[in-house]
Amino acid sequence: MTPPAAASAAAFRTDDPTTDPAAASAAAADTQAPAPTGLPGNGDDDPDERTAADPAAQGRPHSARPSPATTLPATSSARPLSSPTGAEFTRPGGMFSSLRVRNYRYYFAGQVVSNTGTWMQRIAQDWLVLSLTGSPLAVGITTAMQFLPMLLLGLFGGVLADRMPKRRLLIYTQGAMGLLAAGLAVLTVGGVVTPYYVYFFALLLGLVTVVDNPTRQAFVSEMVGPKDLANAVSLNAANFQTARLVGPAVAGLLIAAVGSGWAFAVNALSFAAVIGGLLAMRESELRPTEPIAREKGQLREGLRYVRERPELLWPMVLAGFIGTFGFNFPTLLSGFAYDTFEVGAGQYGLLNTAMAIGSLTGALLAARRGVPRLRRLVGAALAFGALEVVAAFAPDYWTFALLLMLIGVFGLSFNTSVNSSLQLATDPEMRGRVMGLLVLVFTGGTPIGAPIVGWVTASYGPRLGLLACGLVSAAAAGVVGLVLARSADLRVRFDLHPGRGGRVVAVVPRTGATSKSELAPAC
């Protein structure tokens, strides 16, 4: 399976009255109830706590329960930043709290298998192209062919995700990916594969990913609901990073033993695990969003929806800069390994492993928290960029590897924060389009940023390339943070003597005891 793009932020707290008394009573009851802290022992242990808190919800389908849209005051035309999808239903419930949901457990188990297969195919695909052509440029072309559809068609994939039932659509896309892997396996094992075949299959995989990625992102909330959304997003990221550690090692052994074609075949089989998990889900326990009817202007509607909401727009802008310039490690790490530190392939692999370990750590740490506020999202991006700047001046190989682990921690924290914050702040009927735009700006920028970073690295060296990436990321985080603070009428306060229970750095209202800005609770 292709990676989740991006990855959840902003704790939304409401002081606004709701127009639905049942929703208000459910929120109050859920706030007082103790959060689950571990995995129960049987397979039927995922009752909807909101139903228990709200007797009026008994017998009512999930799709009919109060949504963020139904809690708007009658006189408001804009969705409030805080709602029952916010803090009341998103308290920390333990590092693995979302796994108590039966449907999500099936999905998670399928992802473990499929993500491992995906990393196997990535390694085998690059090795196959390199062995056929002897050219690193050909490997770059393959990557570009896979990401180009996302840049050109990413928004349309989000529209399709909103128009169709997401579970059914995922069965189709996962099946198509499995068939593509099987086709490439047949050509490779049969000895008739050429670089052009690989380019073609990479392009087809990219076209399927255009639809699969936003659908997968938006489907998480239908499995676990808003209370466990941030935890589920973090566990998905941890799942992917674990596969990143295991998949390449297995692929290397398989390629050495029987060739690249069989790695493609194993990946093709791995999609059966995801499809099986989707088919085994209990539809009655999902929270499906009603598909929207096909109409003109739905793409423009999605763009307008994001543009008019600062809690969506500015995290999206920051994700674009971080994704386009900050995450160019394939180009940069190879340069540091071969040119700067002059180490071999084994130590180059250790650099990737160090970053994967850091990313896995960041995902697990994020899973322990509730939904972070926008300040944490911006802080993670700022730390990510600053650490890249420091790493650019690393004096030796092992210092650089240690810094990569820290970069992985904060990079993954930013990814999961963006993902869950945008989903929680988005109305269900718009979620596919919003996630499609996130995937577009975060991964679709790769064909733009990678050549720029590659040129800087080739012309001036990998240290300057990483320095430029870090400066752009840190500057974008600083600017977005200032814009959000000004919009929310907040400021940063430094107190070197905070006293008992105080903070050295705190975000406080710029004027008065409390900020009157609607954006303030999210910050």
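Structure values in brief
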| quantity | calculated |
| --- | --- |
| Which listed residue, of Leu403, Leu422, is more than 25 Å from Met150 (Cα to Cα) and either assigned to a helix (DSSP H, G or I) or open to solvent by 10 Å² or more (accessible area, probe 1.4 Å) (or both) | Leu403 |
| Those residues of region 298-330 which are more than 25 Å from Leu424 (Cβ to Cβ) and surrounded by fewer than 22 Cβ atoms within 10 Å (Cβ to Cβ), in sequence order | Phe329, Pro330 |
| Number of positions in region 96-139 that are within 18 Å of the chain's Cα centre (by Cα), within 16 Å of Ala272 (Cβ to Cβ) and of a type in the set (S, T, N, Q) | 5 |
| Residue satisfying all of: in region 253-262; small (Gly, Ala, Ser) and closer than 22 Å to Gly346 by Cβ; surrounded by the most Cβ atoms within 10 Å (Cβ to Cβ) among these | Ser260 |
| Region 98-121: number of residues that are closer than 19 Å to Ala218 by Cα, touching a Leu at 6+ places or on another chain (Cβ under 9 Å) and open to solvent by 20 Å² or more (accessible area, probe 1.4 Å) | 4 |
| Counted residues, region 367-400 - those being charged (D, E, K, R) and either in a helix (DSSP H, G or I) or open to solvent by less than 10 Å² (accessible area, probe 1.4 Å) (or both) | 4 |
| Ala506 being modelled with pLDDT under 85 and touching a Ser or Thr at 6+ places or on another chain (Cβ under 7 Å) | no |
| Breaking point among (1) over 21 Å from Val192 (Cα atoms); (2) crowded, with 23+ Cβ neighbours inside 10 Å, for Ala280 | (2) |
| Residue match in region 132-149 (condition: at pLDDT 85 or above, open to solvent by less than 60 Å² (accessible area, probe 1.4 Å), more than 30 Å from Pro195 (Cβ to Cβ) and assigned to a helix (DSSP H, G or I)) | no |
| Sole exception among (1) open to solvent by 40 Å² or more (accessible area, probe 1.4 Å); (2) part of a helix (DSSP H, G or I); (3) at pLDDT 50 or above for Met95, by number | (2) |
| Leu187, sole failed condition from (1) out of contact with any Ser or Thr (no Cβ under 8 Å at 6 or more places or on another chain); (2) aliphatic (A, V, I, L, M); (3) surrounded by 24 or more Cβ atoms within 10 Å (Cβ to Cβ) | (3) |
| Verdict on Glu295 being acidic (Asp, Glu) and either touching a Gly at 6+ places or on another chain (Cβ under 7 Å) or farther than 22 Å from Gly436 by Cα (or both) | no |
| Of all residues in region 455-501 being in a loop (DSSP other than H, G, I, E, B) and surrounded by fewer than 16 Cβ atoms within 10 Å (Cβ to Cβ), the one that is modelled with the highest pLDDT | Pro498 |
| Among the residues listed as Val250, Val224, Val211, the single one being open to solvent by less than 10 Å² (accessible area, probe 1.4 Å), β-branched (Val, Ile, Thr) and out of contact with any strand residue (DSSP E or B) (no Cβ under 6 Å at 6 or more places or on another chain) | Val224 |
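Here's the yes/no breakdown for (1) open to solvent by 40 Å² or more (accessible area, probe 1.4 Å); (2) on the phi < 0 side of the Ramachandran plot; (3) of a type in the set (A, V, I, L, M, F, W, C); (4) in a helix (DSSP H, G or I):
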| site | (1), (2), (3), (4) |
| --- | --- |
| Leu229 | no, yes, yes, yes |
| Leu245 | yes, yes, yes, yes |
| Phe264 | no, yes, yes, yes |
| Ala272 | yes, yes, yes, yes |
| Thr289 | no, yes, no, no |
| Lys296 | yes, yes, no, no |
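The values are calculated or read from the model by the stated rules, or taken from the named source; none is laboratory data. Every value quoted in this text rests on a predicted model; they were computed, and no experiment measured them. Positions of Cβ are backbone-derived with ideal geometry, glycine not excepted, and every protein chain shown enters the neighbour counts. For accessibility, only protein heavy atoms count, side chains too; no ligands or nucleic acids. Shrake-Rupley method; radii C 1.70, N 1.55, O 1.52, S 1.80 Å.
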